[in-house]
Every structure is written in structure tokens, then in C-alpha cells.
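One structure is given below, encoded as C-alpha cells.
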Amino acid sequence: MSWDALEPKLSPFILGTLATLGFSEMTPVQASAIPLFMKNKDVVVEAVTGSGKTLAFVIPIIEKLKCRKKRLAKNEIGALIITPTRELAQQVSSVFSIFLKDPSLPKHALVIGGTNTLQDDITEFKELSPDILIGTPGRLQDLLIGKGSIKSVVNTKELEILVLDEADRLLDMGFSQTLDNIITHLPKQRRTGLFSATMTDAISEIVRVGLRNPVRVIVKVEDIISKDEQRTPATLDIGCIVCEPHQKLAQLIRIINREKAAKKCIVYFATCACVDYFYKILLKLPQLKGRSIHSLHGQMDTKRRTATYQAFINIPLTSKALLLCTDVAARGLDVPDVDFIIQMDPPQDPKVFSHRCGRTARAGKEGKAILLLVKGREEVYVDAIDEENDNLLKQVRDIVLADRDLYDKGMKAFVSYVRSYTKHDASYIFRLKDLDLGKVAKGYGLLRLPKMPELKDCKLNDFEETSINVRQIYICFFFFHRNGIHHNIFCFQMDEYKYADKSREKKRRQKLAEEKLKFATQSDKIHKVRQLPKGPWSAKKLAKQRKVERKFKKSRKNELLKKRKADDMIDAMSSNRINDIDNDDNDDNEWKELQKEERLAKKLKKRKIKREEFEKEIGLTVSDV
Ligand SMILES: Nc1ncnc2c1ncn2[C@@H]1O[C@H](COP(=O)(O)OP(=O)(O)OP(=O)(O)O)[C@@H](O)[C@H]1O
């Protein structure tokens, strides 16, 4: 349907811009939602990814504000668009920029926090006095309502339109209270639109409090052959590969290098730590030479996020590029010419699957999406790449061994992956006990397994733990007994495992020296207490010595007990915990010694052993005297 067919007619400058963009026809969602929104109806719009929902609200907003009889006064706003992520807010803002070039037209501003303080936003707002605000919920709330002693300067009395873009995601991310606060702050006489490719039941709550008799617009795609409804665009080819966890990386490289179309790829991982880790690994793999590799996740600061996002958007068509990311880049983002989506891990929320896939095959273009799943009938297919896979994993381990930072990052990524696995919405499919965590760890190139309760009753096949010191041999031995698995032990000195970063390495060495000194002092103390006085034997003196020793041991035992308790509670994700692994060796020895003494003391009390025997066992023999 042509834009000219719309009633009421669009302004000539909008039609002109659409023509410049080459958008000769409306998409189905635009044809249904724009007339309703322009006719003052509240709308709930659900349409597949890449179907053009953004223009379905941008055009009505511009038209409405441009045609106002009374111009908005200083500090008054006429429209508000709330998005779940900063990137999406930036993108929506850039669509407004295309249409609002002329200074006589309404003005818009972006409010996303991060780099700007609230005070900066207020100053910018006062200077620009925009008619349209686009932003993320938290900062918008502060700007509209005020925060602490900072009072709001934004006047919402004349607000005509509120849009919640990716509305269900806003709720999923826990913004429901913030949205309530914003909605109750706005005038009731306004138009509200909710837009998303998926809608959850929770949306009905917003609809109840924020919308009046909304019209629901649902644009779905029909499979030409089966006539079934699809939640993804017809031009999108979706597939999945079932493989072992440790083969995922090889699959990723195989897909990227063998699929001709795979020029601009987005690769999804489960967590930020996984993105960080694999970003560093992939950068160093010669198999991916010639591709620019980028990473994007929610824990990066806004500046870096924006720079990465912009860099990836601006990659020329002829270049090959990879964006590794979390679901922060799953929804709404309109990156041009992405031809391949690879999901290394399935999303926790099955709804996100279609949003991830939807970053390709946008606006009628073709695209492919592949999901990597663990284990199944396609094993036969992936066996063929086993040798290739082993070489690749060896390469990864070598990269990790060259920098202790990657060891830390790998442990963190693995722990976060395991934790995220337990949080899948479809927990009846994604069960940790069915997942071979040994193979996952192998796929991550880990040198050893982190300490985490989740590993207790899990499958740990095929993981060769690198022998790092005495304690690690002990662990390998333990696994050998539990799982009947053979381990190839190769020795490696943890103390000598260096950070590539010189200043970080210096700090580590200093800390190590301090810890060694501390331990030596503590051992010395015990030893000194045990040195009973030379000269004539004195029962009184001996009793006194024993009392001092008992006191010292009791306090040390309490200290260790506290530490153990704390360790159990500490999330193994904390890198401190991981860094502390070495020190545990000393504590373990002391702990065992204390336990032994306690057992002997009990035996002595029950008269199962004689005092001489007891003293000999704990090192208080007559020869010491
Ligand atoms: N009428 C049109 N004709 C051609 N292309 C269009 C038209 N409307 C929008 N597009 C283009 O389609 C792409 C997808 O649009 P948009 O980002 O609005 O999709 P969306 O439905 O919001 O997707 P998502 O659910 O992923 O957020 C954009 O690149 C946009 O420029």
C-alpha cells in the first residue's frame, strides 16, 4: 500500500523523506497502525522483527506535534518514547533525526544516562527544550519526576503521546515499577502505543493502567506451504546444529568460514563474561584473520557500547565482521546487512530466540540464523570435525596459558554460563544434570574446574584438568575415582602463571610474597608454641604452654571455620575467589591438622588412647621438652 493512500494525508516533508529513503510502500504493520494512532486510538502492536514498527510510531508522533495549533512552550514535551536499552533509544532517536532536519520542525532529545549525569541532562534539556524525549526508563524517571534534591524542570502537562517500544522487554527487565511511576506522572488525556515483536501476559497490566480501549494490531507471517503462522520473517532461514559442548567453537568457526553469506555476523552468548572471554580468544585465532571482531554487552560502559555499536553499523558491505554479544543486542536493533545470526547458547527466555534471529532478514531481505544445541541425533555429522576440533581447543588452551588474565576470564565465563543455564525458562529442557559440564569446560579451554556447588553431581566427562600444583593432582585423583576417567596430567606452576599486563603481574607477585610471608609467620607461631621449655620438667609450665597453644588453635580454627562458611556463600563468580585458590592449600593442611587433633582429643577423653600416645601424635613428645 502506498503512503499516499493514508488518511489523513501525510505532510509533504514526510513523504519527501520516505521517497529519499526509497520506501515507496508501507509495510503491513505501518498500514494498519499509523491510521489508528493518528486517529487518537491507543494501540498494542505486535508484529514480527524487522517489519517496520519504528516508523509506525515515529510518523504519527511527528505529524501530531507538527500540526498542533498551539506550539509547545519552553520545557513542555509533547511525546515520550521509552525503550529497554540505550542502543535502541539511540536508534529510535536516529530515525527521528532523519525526518526532523529542518529547525522549524519539532525537536527531539535522547536521555539514556551512562555518560551524562542527571544534571547534564537537565542542563541540555533546558538549553534545547525538546518536544520529544526518547530514553531508557531509569533516567527518564529521574528527569521527569526529579531525584532527591534535584527537581525536575520537564513540564508534561501537554504530553500527547507515550510509546513503549519493546514493551514486554521493559517488563522482563524489571522496569514495571519505574514505568508505573512515569505513567502516573503523565496526563491521562494522551495516546499510548505499545510496540513489540512479542507480547507477554504481563502487558495486560500496563494496558489496564495505561491504555484506554486499545486496538490490538497483530501482524503475523504465514508459511506459504504449511499455512502455519510464523513468528519470524518469511525471508529468514532458521536452522540448528546439535553438537557436543566442546565442539561449539569449532562449529562457529566452520559456519563463519564456510557459509558464503556470512559476512556480517552476530554471535549470541549467554552472559557478559562469556562475551568478554570469547572475544579475547577469537581475536587471537588465525582462523578468523581478516574479520573485524567486536563485542557488546550490558556491563560495558556507555561510551564503549556506543562506539562498538556505531563501528559495527558502519562496517562497509565488502568487509567481514563479527559482533559477539549478549541479549542486550537481541531486540529492536536495526543493524544494516547482517546476514548471519549464530546463537552459541540458546536464550534463557524462548521468546528472545525470535528477537535474536530477527537481527537479520529485515525489511524483506534474506538472512540465516543458526542455533547451536547440545547433543542429539546430529552427532554423526559433527564427528567429522572432531580432529579439527581438538586442534582448535589446544590452540585455545595455549592462548589461555599465555596470559593469566584469560584464565580468570575463562573461569568467570564458565561459572556465569553454568549459573545462567540453571535460569532457563524452559528448565524442563535445559537441565544442568544432563549437561556435560566437563565438555563445556573443555570448550572454554579451562585449565581446571572452578569450585562451585553446581559441579558436585554433574557429568564431568572428557575434561583433562591441568595439573597446577600438589592440590590439583589431588583433585584429578578424586575425579579419577568418581568418574573412572583417565587424566593426562601435565605439570604447571600456578605461582609462575603470569599476567601479560606488566603492572598487574607486579601487583600479583607482591600479593603472593605478602601471603607467603603471612603464612610463614603463622606456621612459625605454632612451631614456637610447641617448643616446650628446656631445662627441668615443670608440670605447671607445660600446662601453661598447652593452654596458650589450645587458645591459639581455637582462634585459628574459628578463623578457618568462618572462612569456610564465607567461601560456601561466596559466589564462585567472584574473581577474588578464583584468585584465592592457591592460598587454600595452606589452609587445607592446617584444617586437616586441626581435625586430626580434635579426633585424638576425643579419643583421649574417652580413654581410647593414652596421654603419651596423644602427645606423640600431635607433636608434643618428651623429646620436644
Ligand atoms: N516502508 C518501508 N519500506 C522499506 N523499508 C522499511 C520500511 N519501513 C521500515 N523499513 C526498514 O525496515 C527495517 C526494520 O524496521 P524497524 O527497525 O522499524 O523494524 P521493527 O519492526 O521495529 O523490528 P524489531 O522488532 O526487530 O525492532 C529498517 O531498516 C527500516 O529502515
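Data overview
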{"item": "Potential extension, residue 70-residue 555 segment - 0.36 nm per residue separation minus Cα distance", "result": "166.9 nm"}
{"item": "Mean separation of Cα contacts under 8 Å (6+ apart) over length of the range 235-456, as relative contact order %", "result": "31 percent"}
{"item": "Global form of the range 235-456, assessed from the alpha-carbon gyration tensor, a/c cut-off 1.5", "result": "rounded"}
{"item": "For residue 96, net neighbour charge (Lys/Arg +1, Asp/Glu -1) across residues whose Cβ lies under 15 Å away", "result": "0"}
{"item": "Surface share of carbon and sulfur [accessible, 1.4 angstrom probe, percent] for the range 235-456", "result": "53 percent"}
{"item": "Potential lengthening between residue 606 and residue 457 on full extension [0.36 nm per residue; Cα-Cα distance subtracted]", "result": "49.9 nm"}
{"item": "DSSP beta bridge pairing in the range 3-221, given as percent antiparallel to the nearest 5", "result": "5 percent"}
{"item": "Tensor-based shape of the range 3-221 (alpha-carbon gyration tensor, a/c under 1.5 rounded, otherwise prolate or oblate)", "result": "oblate"}
{"item": "Computed E for residue 301/residue 599 - FRET, C-beta separation, R0 45 angstrom, nearest 0.05", "result": "0.25"}
{"item": "Heavy-atom accessible surface of the range 32-111: percent carbon and sulfur, 1.4 Å", "result": "54 percent"}
{"item": "The range 137-214: trypsin sites (Lys or Arg not before Pro) falling in loop per DSSP and having at most 14 other Cβ within 10 Å", "result": "157, 188, 212"}
{"item": "Accessible surface, the range 3-221, averaged per residue in Å² (probe 1.4 Å)", "result": "42 Å²"}
{"item": "Loop-located trypsin sites (Lys or Arg not before Pro) in the range 30-104, at most 10 other Cβ atoms within 10 Å (DSSP)", "result": "69, 70, 74, 101"}
{"item": "Entries in 41/188; 220/264; 260/289; 39/66; 107/303; 151/188 that, when Cα-Cα distance is taken, lie over 18 Å", "result": "220/264; 107/303; 151/188"}
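The values are calculated or read from the model by the stated rules, or taken from the named source; none is laboratory data. Just so it is clear, the structure is predicted and the values come from calculations on it, not from any experiment. Reconstructed Cβ throughout: ideal geometry from the backbone, glycine too, with neighbour counts over all protein chains shown. Just the protein is used for accessible areas: all its heavy atoms, side chains included, with ligands, DNA and RNA removed. Shrake-Rupley method; radii C 1.70, N 1.55, O 1.52, S 1.80 Å.
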